[in-house]
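Structure in structure tokens, see below.
The values are calculated or read from the model by the stated rules, or taken from the named source; none is laboratory data. The model shown is predicted, which means the values in this text are computed figures rather than measured ones. Because the Cβ atoms are built from the backbone with ideal geometry, glycine has one as well, and the counts that use them run over all protein chains shown. Note: accessible area is taken over every heavy atom of the protein model, side chains too, but ligands, DNA and RNA are not part of it. Shrake-Rupley method; radii C 1.70, N 1.55, O 1.52, S 1.80 Å.
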Amino acid sequence: MRTVRLHAKRWPLSGAIAAVGIAIAAGPAGAEELAPERIYLNARVWTGDAAQPAAEAFAVRGDRFVEVGSIPAIKALADGATEIVDLGGRRVVPGFNDAHWHLPARKDLRLDNAGSVAVVQQRLREHARTLPEGSWVTGRGWMPSDFPERTAHKRYLDEILPDRPVFIRDRDGHQALANDRALQLAGVTRDTPDPADGIIVRDPSGEPTGLLKESAASLVRDLLPPLTPDDEYQMLLGELAAAASFGLTSLQDATEGGLNELERGAVERAIAEGRLTVRYRSAAAFEEQPDPGQLDRYVAACEAARSRLHACGFVKLILDGTVDAKTAVMIEPYVGGGNGLSFVSQQQLDRAVAAYDRAGLQVQIHAIGDGAIRMSLDAFERAARANRTRGRRHRLEHVEVPALADLPRFGQLGVIASTQAIGARPDANMLENYAPLLGPERSARAYAFRLFDDAGAVQAFGSDYPVYPMDPLLGIYTAVTRQGGEDMPAGGWYPQNRLGVEAALAHYTRDAAFAEFAEQEKGTISAGKYADFVVMSRDILAIPSAEQRQTRVLLTVMGGRETFRATGE
Ligand SMILES: [Zn+2]
């Protein structure tokens, strides 16, 4: 019997993870007869499993938990070959599952939390110096509040980089700012009409200001040079390593249309090389008028290809925009006017949702404004009634500003609220742009996670990375405190909407697994499920919320194998 301390040993990754990429599941059957390969003792385990909420030890064989319980009970399972890991009384939770995540399209300069146009310009200038002469300068993460009068304009880019094309997307990716050079290359002039579902913002004289909303951004974006397969693969590996370092063991890629050919190739290569260190889920392409035969074939192919590391079986549709771009569809106008922009009519939505529902596919609809949320709930309700289906677990993504009257419908219809915990962070943009656009009545029900829990809905947490950082501990901190960086505002932004730590943990683990039909396989620390878990530096269930921001992930294990270990502990 060998005993190792938490940080005493590094297990090799590659061979082990390649082995769990095989599609045939070896269940927990026969678990009693063989000793576990590894037992973890002296832990404070929050299992997420109502049948056994807490434990102090657990045993792992292959990629599964085989037993969870007391130290003596788990010790009794070991034989001479079993490795024993002493977790030193640390808090252990199930591996985090990000229910709404995106593989970034490229490695952009981050412009987050710039706070002023001067900082945006400085970062762009410094970044541009590192790039080949004349090449595109791209970035992401600005907010309207970074610009004077909350109005982004190409002049701020032309001032610093007049000779090379610049294209920077806002944090949410629903609007972009291009400089004059980029507009010229794209052939966008005062005579260019707005594309369908997009707006080329113009000044009073009719001249484009450089701000491109929704589909108008693709007029410029389509010109960006494509990545090579190897760039894509390296980028994927970088994202996977980051995810593991934050305790993530599952990612649900919410990108509409699913993985493109390049991305699919990178994911498949990572599986083949044993380097896919998270369980990945991706979408099928959404079509407004899906062909039933094609859908049946897709569902069958998806089931056949389903592996422990890659799943499919849903479609994603973007119905409206964002509050910050004033493109989220609202029942009542924004303060200052406008009701937003819906990309699909109710009739089209009803027809498409019904077709996917009939074929057995889960539908995820990006719906942010109360108007878009109501349209989606109506479509789900009509589809279930027409098709006589139950248990489809259709999802609303973001669901930022639901009408109070619609909340009970989530539970009644079995619709999942897929929300972004960190979105409730009351940063400058939230306080100066987002909330004023909604006004006080709607701000009080914005990012109000508590409302979904109280209404009996299943709520899954995600980050919407790269919109927000993917760190689940930061998301949990935000959901629990509704405070920003300096613990401001005191007491939290609309504190009646705060959640408890356990509720936030459940939304990031068990409920996120339910939201992808995987609750039998993962999401709690229970015998028979995948051994996906996280060891934390502090016990977030026992410390004051202000100290939660110092909590870090020490160890991430996915399928029984280490995918991240903190150094220097
Ligand atoms: Zn998203």
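Run down 309, 317 and say which single residue is at pLDDT below 95, within 16 Å of the ligand (Cβ to nearest atom) and either in contact with a strand residue (DSSP E or B) (Cβ under 6 Å, 6 or more places away or on another chain) or under 25 Å from residue 523 (Cα atoms) (or both).
Details: 309 fails: within 16 Å of the ligand (Cβ to nearest atom).
Answer to the selection: 317.
Kindly indicate whether residue 152 is closer than 21 Å to residue 181 by Cα and either in contact with a strand residue (DSSP E or B) (Cβ under 6 Å, 6 or more places away or on another chain) or within 16 Å of the ligand (Cβ to nearest atom) (or both). Let's see the steps before the verdict.
Working: closer than 21 Å to residue 181 by Cα: yes; either in contact with a strand residue (DSSP E or B) (Cβ under 6 Å, 6 or more places away or on another chain) or within 16 Å of the ligand (Cβ to nearest atom) (or both): yes.
Considered against the rule, which asks whether it is closer than 21 Å to residue 181 by Cα and either in contact with a strand residue (DSSP E or B) (Cβ under 6 Å, 6 or more places away or on another chain) or within 16 Å of the ligand (Cβ to nearest atom) (or both), residue 152 comes out as yes.
Is there a residue in segment 469-487 that is within 16 Å of the ligand (Cβ to nearest atom), open to solvent by 10 Å² or more (accessible area, probe 1.4 Å), modelled with pLDDT of 95 or more and in a loop (DSSP other than H, G, I, E, B)?
no
Say we look at segment 62-83 and pick out the residues that are among the charged types (D, E, K, R) and open to solvent by less than 50 Å² (accessible area, probe 1.4 Å); which of these is farthest from the chain's Cα centre (by Cα)?
Keep residues of segment 62-83 that are among the charged types (D, E, K, R), which gives 63-64, 67, 75, 79, 83.
Applying the additional criterion that residues be open to solvent by less than 50 Å² (accessible area, probe 1.4 Å) yields 63-64, 83.
Details: 63: 24, 64: 25, 83: 35 Å.
Per the criteria, the residue is 83.
Something else now. Note down all Cβ pairs under 8 Å where the first residue falls in segment 234-260 and is more than 11 Å from residue 563 (Cβ to Cβ) and of a type in the set (D, E, K, R), the second is away from the ligand (no atom under 15 Å from the Cβ) and at pLDDT 95 or above, and they're at least six residues apart or on different chains.
253/280
Go through segment 533-543 and give me each residue that's under 21 Å from the mean Cα position of the chain (by Cα) and open to solvent by 10 Å² or more (accessible area, probe 1.4 Å).
none
Restricting attention to segment 84-136, which residues are at positive phi and either aromatic (Phe, Trp, Tyr) or open to solvent by 30 Å² or more (accessible area, probe 1.4 Å) (or both)?
Start the filter on segment 84-136 by keeping residues that are at positive phi, which leaves 88-89, 113, 115, 134.
Passing the criteria: 88, 113, 115, 134.
Here is a follow-up. Of the residues 504, 546, which is in a helix (DSSP H, G or I) and either in contact with a His (Cβ under 6 Å, 6 or more places away or on another chain) or open to solvent by less than 10 Å² (accessible area, probe 1.4 Å) (or both)?
On the way: 546 fails: either in contact with a His (Cβ under 6 Å, 6 or more places away or on another chain) or open to solvent by less than 10 Å² (accessible area, probe 1.4 Å) (or both).
On inspection, the qualifying residue turns out to be 504.
Inspect all residues belonging to segment 66-88 and state whether any of them is in a loop (DSSP other than H, G, I, E, B) and without any contact (Cβ under 8 Å) to a residue 40 or more places away in the chain. Write out each step before concluding.
Restricting attention to segment 66-88, the residues satisfying the condition of being in a loop (DSSP other than H, G, I, E, B) are 70, 76-82, 87-88.
Now restrict to residues that are without any contact (Cβ under 8 Å) to a residue 40 or more places away in the chain: 70, 76.
Yes, segment 66-88 contains a residue that is in a loop (DSSP other than H, G, I, E, B) and without any contact (Cβ under 8 Å) to a residue 40 or more places away in the chain.
With the requirement that a residue be over 22 Å from residue 88 (Cα atoms) and part of a loop (DSSP other than H, G, I, E, B), what does segment 528-543 give you? Before the answer, list the steps.
We begin by selecting, within segment 528-543, every residue over 22 Å from residue 88 (Cα atoms); these are 528-530.
Those that are over 22 Å from residue 88 (Cα atoms) and part of a loop (DSSP other than H, G, I, E, B): 528, 529.
Right, another one. When you check residue 342 against the structure, is it of a type in the set (Ser, Thr, Tyr), away from the ligand (no atom under 16 Å from the Cβ), touching a residue at least 24 places away in the same chain (Cβ under 8 Å) and crowded, with 19+ Cβ neighbours inside 10 Å, yes or no? Show your work before the answer.
Working: of a type in the set (Ser, Thr, Tyr): yes; away from the ligand (no atom under 16 Å from the Cβ): yes; touching a residue at least 24 places away in the same chain (Cβ under 8 Å): yes; crowded, with 19+ Cβ neighbours inside 10 Å: yes.
Yes; evaluated as a whole, the condition is true for this residue.
For residues in segment 251-279 being surrounded by fewer than 24 Cβ atoms within 10 Å (Cβ to Cβ) and touching a His at 6+ places or on another chain (Cβ under 9 Å), which is nearest to residue 96 (Cα to Cα)?
Top of the filtered list is 253.
Restricting the search to segment 281-334, which residues are charged (D, E, K, R), in a loop (DSSP other than H, G, I, E, B) and within 22 Å of residue 353 (Cβ to Cβ)?
Residues of segment 281-334 charged (D, E, K, R): 281, 287-288, 291, 296-297, 303, 306, 308, 316, 320, 324, 326, 332.
From the residues that got through so far, the ones that are in a loop (DSSP other than H, G, I, E, B) too are 287-288, 291, 306, 308, 320, 324, 326, 332.
287, 288, 291, 320, listed by residue number.
Taking the residues in segment 549-569 that are of a type in the set (D, E, K, R) and open to solvent by less than 60 Å² (accessible area, probe 1.4 Å) as candidates, determine which candidate is nearest to residue 475 (Cα to Cα). First the steps, then the outcome.
If we filter segment 549-569 for residues that are of a type in the set (D, E, K, R), which is where we start, we get 549, 552, 561-562, 565, 569.
Going one step further and asking which of them are open to solvent by less than 60 Å² (accessible area, probe 1.4 Å), we end up with 561-562, 565.
Details: 561: 25, 562: 23, 565: 21 Å.
Selected residue: 565.
Another question, if that's okay. Do we have any residue at all in segment 403-411 that's within 19 Å of residue 446 (Cβ to Cβ) and crowded, with 24+ Cβ neighbours inside 10 Å?
Yes, segment 403-411 contains a residue that is within 19 Å of residue 446 (Cβ to Cβ) and crowded, with 24+ Cβ neighbours inside 10 Å.
Kindly provide the set of residues from segment 254-263 that are more than 30 Å from residue 555 (Cβ to Cβ) and within 12 Å of the ligand (Cβ to nearest atom), ordered by number.
Of everything in segment 254-263, just one residue is more than 30 Å from residue 555 (Cβ to Cβ) and within 12 Å of the ligand (Cβ to nearest atom), namely 256.
Return the residues of segment 431-456 that are buried (at least 24 other Cβ atoms within 10 Å of the Cβ) and touching a Gly at 6+ places or on another chain (Cβ under 6 Å); say none if nothing qualifies.
Passing the criteria: only 447.
Going by the conditions given, is residue 251 away from the ligand (no atom under 16 Å from the Cβ) and not basic (Lys, Arg)?
Details: away from the ligand (no atom under 16 Å from the Cβ): no; not basic (Lys, Arg): yes.
So residue 251 fails the test.
Could we say that residue 390 is open to solvent by 10 Å² or more (accessible area, probe 1.4 Å), away from the ligand (no atom under 16 Å from the Cβ) and assigned to a helix (DSSP H, G or I) here? Give the steps one after another, and end with the answer.
Numbers: open to solvent by 10 Å² or more (accessible area, probe 1.4 Å): yes; away from the ligand (no atom under 16 Å from the Cβ): yes; assigned to a helix (DSSP H, G or I): no.
Against the criterion (open to solvent by 10 Å² or more (accessible area, probe 1.4 Å), away from the ligand (no atom under 16 Å from the Cβ) and assigned to a helix (DSSP H, G or I)), residue 390 does not qualify.
Keeping to segment 106-156, report how many residues are of a type in the set (Asp, Glu), under 22 Å from the mean Cα position of the chain (by Cα) and over 24 Å from residue 323 (Cα atoms).
Quick first cut of segment 106-156, residues of a type in the set (Asp, Glu) only: 108, 112, 126, 133, 146, 149.
Then keep just the ones that are under 22 Å from the mean Cα position of the chain (by Cα); that gives 108, 112.
Restricting the remaining residues to those that are over 24 Å from residue 323 (Cα atoms) gives none.
Residues meeting the conditions: 0.
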